[in-house]
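Student: My structure is below; once you've seen it, I'll send some questions.
The values are calculated or read from the model by the stated rules, or taken from the named source; none is laboratory data. Computed from a predicted structure; not experimentally measured. Glycine also receives a Cβ, built like all others from the backbone with ideal geometry; neighbour counts cover every protein chain displayed. Side chains are part of the model used for accessible areas, which takes the heavy atoms of the whole protein and leaves out ligands, DNA and RNA. Shrake-Rupley method; radii C 1.70, N 1.55, O 1.52, S 1.80 Å.
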Amino acid sequence: MKLPPDARFSTICIHAGQVPDPGTGAIITPIFQTSTYVQEELGKHKGFEYARTQNPTRSALEANIAAIENGAAAYAFASGMAAIDAITTLLEAGDHVVVTDNTYGGTFRLFDKVLRKYKLEFTYVDTSQPELIEQALRPSTKMVFVETPTNPVLRLTDIAATATITRRHGARLVVDNTFASPAVQRPIELGADIVTHSTTKYLNGHSDSVGGVVIVTRDEDVAWMKFIQNAAGAILSPFDSWLVLRGTKTLNVRMAQHNTNGMALAEFLATHPRVKQVIYPGLTSHPQHALAKRQMRGFGGMVCFDLGSYAAAVRCFDRVTIVQRAASLGGTETLCSLPVLTSQYGLNDEQLEAAGVTRGMVRLSVRLEHPDDLIADLDQAMS
Ligand SMILES: Cc1ncc(COP(=O)(O)O)c(C=O)c1O
């Protein structure tokens, strides 16, 4: 659909990249579950030849997410990790990357255990302090890879300040925007070159699909991502593309409720006598609350709180009834997890301290139930 240039965010989410099916008028883009396309005669086709290379359901989703993140193009992959892996193919042996130090564990594993074998170098710094990014730059630094907010301690990186540093150095700024979602934060509008998401989370929003997406801005990255998506072939399936396309239609309203529920739970936890600390960018106690107000629209659904000991955290974890014990985030059901057993599993005390994580921490992915029911559930679990 051709949208007016001043179309608002929720209208873009619902319509961008989609037209009624020309064959039937179906308002919803069909699932083109096909591996190949018939040519009318030699070389004469409708722009689709083989489904790894082109699929209309995937193309609709990619156009939709490119518009949502205000990028030039988007490419959908089989998982968030496949998307991040595809981004790193922009690099060459000997290139150096500066990375947020408490980045998602799977990202660290890919960089540390796989890509170092191919002579890529990584330096992990606390990117919440722009001067540390600047200090870590080398002549060979080609990319700065940040995650904001981070998991689980919700540390923020100033995207606009980081973009200025990165551009001055001639490197690309990549932002993993999974934790915020584009309804809350749009990094390209703040100067990022590339944005990535695990669509498994807020973009799909229903806990029923695994996928990833890369949104690019530069012409050369548009060409390379299209090439690598076909060359390496880690594409998002037609059905998953359809699921995420369904998910983005409600992204704006879902995120508004995540923001409301996240704030309600953070405020409740902040006054609870058993809670030692609550980390939520929307609370004035968050050390980067001013930055959160500047670069985010709402503060999202991730809340982290400290019950003071591992035993207390396990007790709360085991006693919740509406809140479900599971990893992941961004669907409709509120989930809880213990960072020392998930994102920070296996770290010693010193490493935990560096990551700002304690053994008594519980991470909540606050979702769409009534906040009063969630509050009552946590209250009984902590009592
Ligand atoms: C911030 C972040 N980036 C990337 C990923 C990887 O996504 P996926 O699990 O879809 O491969 C995750 C997964 O939890 C994540 O939290």
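Student: Please specify each residue of region 220-236 satisfying the condition of being surrounded by fewer than 17 Cβ atoms within 10 Å (Cβ to Cβ) and on the phi < 0 side of the Ramachandran plot.
Tutor: Passing the criteria: GLU220, ALA223, LYS226, PHE227, ASN230, ALA231, ALA232.
Student: Which one is nearest to the ligand (Cβ to nearest atom) among residues in region 316-331 that are exposed (fewer than 15 other Cβ atoms within 10 Å of the Cβ) and part of a helix (DSSP H, G or I)?
Tutor: ASP318
Student: Could you tell me which of the residues GLN39, GLN33 is away from the ligand (no atom under 16 Å from the Cβ) and without any contact (Cβ under 8 Å) to a residue 40 or more places away in the chain?
Tutor: Unique residue meeting the criteria: GLN39.
Student: Moving on to the next point. Would you check if there is a residue in region 240-254 being open to solvent by less than 10 Å² (accessible area, probe 1.4 Å), touching a strand residue (DSSP E or B) at 6+ places or on another chain (Cβ under 7 Å) and more than 16 Å from the ligand (Cβ to nearest atom)?
Tutor: Within region 240-254 (the criterion being open to solvent by less than 10 Å² (accessible area, probe 1.4 Å), touching a strand residue (DSSP E or B) at 6+ places or on another chain (Cβ under 7 Å) and more than 16 Å from the ligand (Cβ to nearest atom)), the answer is no, since none of the residues qualifies.
Student: Could you list all residues from region 123-176 that are within 16 Å of the chain's Cα centre (by Cα) and of a type in the set (Ser, Thr, Tyr)?
Tutor: Across region 123-176, the qualifying residues are THR148, THR150, THR157.
Student: Could you tell me which of the residues ALA354, ALA326 is free of Cβ contacts under 8 Å to residues at least 40 places away in the same chain and either of a type in the set (A, V, I, L, M) or closer than 19 Å to SER207 by Cβ (or both)?
Tutor: Selected residue: ALA326, the only one of ALA354, ALA326 that is free of Cβ contacts under 8 Å to residues at least 40 places away in the same chain and either of a type in the set (A, V, I, L, M) or closer than 19 Å to SER207 by Cβ (or both).
Student: Could you grab the pairs with beta carbons closer than 9 Å, sequence gap of 6+ or different chains, first residue in region 214-229 and without any contact (Cβ under 8 Å) to a residue 24 or more places away in the chain, second one open to solvent by 10 Å² or more (accessible area, probe 1.4 Å) and not β-branched (Val, Ile, Thr)?
Tutor: That search, which allows pairs on different chains as well, returns GLU220/LEU90.
Student: Considering only residues of region 81-106 that are at pLDDT 95 or above and in contact with an Asp or Glu (Cβ under 8 Å, 6 or more places away or on another chain), which is farthest from the ligand (Cβ to nearest atom)?
Tutor: My answer is GLY94.
Student: Quick test for you: out of ARG109, ARG138, ARG116, pick the one residue that is within 15 Å of the ligand (Cβ to nearest atom), basic (Lys, Arg), more than 30 Å from ARG8 (Cβ to Cβ) and not in a strand (DSSP E or B).
Tutor: Going through ARG109, ARG138, ARG116 in turn, the sole match is ARG109.
Student: Residues being open to solvent by 20 Å² or more (accessible area, probe 1.4 Å) and among the hydroxyl-bearing types (Ser, Thr, Tyr): count how many of those fall in region 100-133.
Tutor: Residues meeting the conditions: 5.
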